[in-house]
Each structure stands twice: as C-alpha cells, then as structure tokens.
C-alpha cells in the first residue's frame, strides 16, 4: 500500500508541476490581455430531487437527490458531483447510498487533457461501507459538436475499500471512463457515462443513463438508470445493483 501511495503522490506532483509550468504565462498577463470570455466564466450545473411515497399495507419512502456543478475555463475544467439515495420500508432502512466526486482537467489543446479524479462512495447495502479512490490520467475529447460531446479517459491510481464485515483493502487500480452527451434540442438531452475502476481484488463499474427534458424555464424532468457492479462483493451481497429514478431538476 505504501509503495502505491508514494507512486500516486509522485504522479500527482508531476501532473501539478507540468500544469503550473505550462500555465504560468496565464497568471502574469495584464488585465487588457484577458478575454471577455474569461471574465464571464461562471459555474453551471443542476440540482435534482425525486421521491416516491407509498402508504397503506406497506409504508415505503424512497428519496433520491443529486447535484452537479461545472466550470469550464480557458485552461482548466472543473466538475463536482454529489448524490444521495435512501429507501425505507415499514421503518427499516433498505438502501442508503452517498457519493462525492471531484475532477479537474488541465487542457493540453482543444482535444487532449490531463485529469485528476477523486471519488468517495458510501453504500453499505452493496457490501462496501466505503470505496475511496484517487486517480490521474489522460483524456481525449473524441467528439465535440453542437449536438454531441464524447470524452474518453484512461488512467491509474489507488483505491481503499472498507467492507461491511470490517475488512479493509487498499490497492493500485486502473481507471477508464466514458462520458457522452447528445442534445436533441436546446431543451432536451441524453447522457451516458461509464466509470470502471479495476484492481486485483475487485472491479467496480458504474453506468449512469439519463434523459432530461425542460418543463418550464430552468425546471426539467429527468428519467435515470444507475447500474452499479462489483466483481467481488461480500458474501450475501449481489454483484449488480440497479436504481431507476424520476426527478425534477433545477438547472443553473
């Protein structure tokens, strides 16, 4: 574990040094040299919330919430995401999942970029109390048009898993990701993302599919499907979980 941690820290420091050195000129420019686009850079994103309540012979409450924020600058691109899911049946918790993620990209040119990605997932009903990972790597924007955007990424890092039986495991991992967006119009879009984190003891795959259509102004309706796979879950836990959701989303 210590060796893999040292390797990751070295890669992270190298990644930061290259980015800072290449970007040094940007921080020494005069105000007159900064474009209007850079001065108007703001965060954009969305906040979604969905709930299903069932009352009668069985009392069930399902709540799902998620938020995403992005900042796309001339040289850097940031993405922050958070999600929560809880499910309760007759007073007993049957699902509880939380996710936090942050990714920063350093653009090498219009197509290529380097990235650093941090992710923390807590979901004891999957057999894992927590799954923490940090990775660095290379990304490529394979498609960028008015109707389609496709990013492909590959990298490496470390992961620390804590199982519900109390065991912990830390290992080096390979990371691969796909992020695709298709815009049917200005008010409707389709998104598909896949994240693979593969180590010697477990391979996790997260797939998110979503269709969103605006209702009024900044309010949209979103239907989503989350598929989560662990190749080596704790005994008694299934390898695959699926979550289907319908949410109201506020965009900003």
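Taking the criterion of being modelled with pLDDT under 95 and out of contact with any strand residue (DSSP E or B) (no Cβ under 6 Å at 6 or more places or on another chain), the residues of region 172-199 that qualify are 185, 186.
Is it true that residue 134 is touching a residue at least 40 places away in the same chain (Cβ under 8 Å), in a strand (DSSP E or B) and crowded, with 17+ Cβ neighbours inside 10 Å? Step through it out loud before you land on a result.
Numbers: touching a residue at least 40 places away in the same chain (Cβ under 8 Å): yes; in a strand (DSSP E or B): yes; crowded, with 17+ Cβ neighbours inside 10 Å: yes.
Considered against the rule, which asks whether it is touching a residue at least 40 places away in the same chain (Cβ under 8 Å), in a strand (DSSP E or B) and crowded, with 17+ Cβ neighbours inside 10 Å, residue 134 comes out as yes.
The residue pairs whose first member lies in region 101-113 and is more than 17 Å from residue 193 (Cα to Cα), whose second member is at pLDDT below 95 and part of a loop (DSSP other than H, G, I, E, B), and whose beta carbons are closer than 7 Å, counting only pairs six or more residues apart or on different chains, are 106/75; 107/75.
Checking each residue of region 7-26 against the condition of being surrounded by 14 or more Cβ atoms within 10 Å (Cβ to Cβ), over 30 Å from residue 209 (Cβ atoms) and at pLDDT 85 or above gives no match. Give all pairs with beta carbons closer than 6 Å in which a residue from region 58-72 that is on the phi > 0 side of the Ramachandran plot and at pLDDT 95 or above meets a residue that is buried (at least 17 other Cβ atoms within 10 Å of the Cβ) and assigned to a strand (DSSP E or B); count only pairs at least 6 apart in sequence or on separate chains. From region 58-72, no pairs qualify.
For region 193-207, the criterion of being farther than 16 Å from residue 48 by Cα, over 17 Å from the mean Cα position of the chain (by Cα) and surrounded by fewer than 19 Cβ atoms within 10 Å (Cβ to Cβ) is met by at least one residue. Just one residue in the set 108, 100, 118, 152 is in contact with a strand residue (DSSP E or B) (Cβ under 9 Å, 6 or more places away or on another chain), modelled with pLDDT of 95 or more, surrounded by fewer than 17 Cβ atoms within 10 Å (Cβ to Cβ) and under 18 Å from residue 243 (Cα atoms); that residue is 100.
The values are calculated or read from the model by the stated rules, or taken from the named source; none is laboratory data. Predicted model only: the values in this text are computed from it and were never measured. Heads up, the Cβs are rebuilt from the backbone with ideal geometry, glycines too, and the neighbour counts pull from every protein chain shown.
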